[in-house]
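Structure first, commentary second.
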């Protein structure tokens, strides 16, 4: 019986810490939704001078993206390009 290997959406960067561009369509969908939500929130909240609400929403969106990258990406660690 074959084990199902975890599909990686966000590969680790070759140099530095973190993740590079997505390598699966699901990762690109996550990034597209993130950018769309950032733009939509700015379009709706900034003209009404709701800066605090806008900033709080941006923080929530960034945290959600980081959690998604941790869950569906390679384990982040510092890399020097040799592996």
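Read the figures in this text as sums done on the coordinates, not as results from a lab. Nothing here was measured: the structure is a model prediction, and the numbers come from that model. Reconstructed Cβ throughout: ideal geometry from the backbone, glycine too, with neighbour counts over all protein chains shown.
Quick notes
- Against the chain, whose longest principal axis comes from its Cα atoms, helix 51-72 is set at around 10 degrees.
- Peptides 25-31, 51-57 ranked from most to least packed, by the mean per-residue count of other Cβ atoms within 10 Å: 25-31, 51-57.
- Helix 25-45 axis, angle to the chain major axis (alpha carbon atoms, nearest 10°): 10 degrees
- Where only DSSP H runs of four or more residues are counted, the chain gives -18000 deg cm²/dmol as its mean residue ellipticity at 222 nm, each run worth -39500 (n - 2.57).
- Inter-label distance, nm, simple model (7 Å from Cα along the C-beta direction), residue 79/residue 34: 1.6 nm
- Three principal axis lengths of region 22-72 [C-alpha, angstrom, descending]: 37, 16, 8
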